[in-house]
Ligand SMILES: [Fe+2]
């Protein structure tokens, strides 16, 4: 078995060219790696956060993790619809994610909020950039998916950032 995904997409009746489908597969898999990393980082924060606002942050970070799973599923399934392989293994995600490294020595709830906000923002801002790329390539469905995910991620980012007294 090959360790890397095929360089050309599988045949499908979707009437976008193989080149467009492959380009969208690469884009979707990059975003998939980011959002799967977000899920892990949000769970890590959910488990380890402490302090007077524990309950609220514990729940909020779990909400972010659950949504990150949903967003990842939608990105992965779009890649497969286009004839590409959804590359969701932990090994691939670790190599490919563009998120800031998740710290292990977080001491305050505010630092946890910043960790999750930074990870969410990295995911949402990269997805936002890819909306135009998908549109320009002629794949309105992928552009629409990225638009929806970015909108929902921006909303979660608001919920997280609202726990910071000063925006940082
Ligand atoms: Fe839990």
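None of the figures in this text is laboratory data; all of them are computed from the coordinates on show. Keep in mind the model is a prediction, meaning the values are calculated, not measured. Neighbour counts are summed over all protein chains in view; Cβ atoms, including those assigned to glycine, are modelled from backbone coordinates with ideal geometry.
Can you pull out every residue in segment 133-168 that is over 15 Å from the mean Cα position of the chain (by Cα) and closer than 18 Å to residue 60 by Cβ?
The answer is 158, 159, 160, 161, 162, 163, 164, 165, 167, 168.
Rundown of residues vs (1) surrounded by 14 or more Cβ atoms within 10 Å (Cβ to Cβ); (2) within 22 Å of residue 126 (Cα to Cα), yes/no style:
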site: 1; (1), (2): no, no
site: 18; (1), (2): yes, no
site: 24; (1), (2): yes, yes
site: 39; (1), (2): yes, yes
site: 56; (1), (2): no, no
site: 78; (1), (2): yes, yes
site: 93; (1), (2): yes, yes
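Can you name the number of the only condition in (1) assigned to a loop (DSSP other than H, G, I, E, B); (2) away from the ligand (no atom under 16 Å from the Cβ) that residue 50 fails?
All conditions pass for residue 50, except number (2).
Any residue at all in segment 83-93 that's within 21 Å of residue 153 (Cα to Cα) and not in a loop (DSSP other than H, G, I, E, B)?
Yes, that holds for at least one residue.
From the list 64, 69, 14, which residue is touching a residue at least 24 places away in the same chain (Cβ under 8 Å) and in a loop (DSSP other than H, G, I, E, B)?
Among 64, 69, 14, only 14 is touching a residue at least 24 places away in the same chain (Cβ under 8 Å) and in a loop (DSSP other than H, G, I, E, B).
Would you pick out the residues in segment 100-132 that are under 24 Å from residue 53 (Cβ atoms) and within 11 Å of the chain's Cα centre (by Cα)?
119, 120, 121, 122, 123, 124
Determine which single condition residue 100 fails, assuming it passes every other condition in (1) under 18 Å from residue 156 (Cβ atoms); (2) touching a helix residue (DSSP H, G or I) at 6+ places or on another chain (Cβ under 6 Å); (3) crowded, with 19+ Cβ neighbours inside 10 Å.
So residue 100 meets the others, but not (3).
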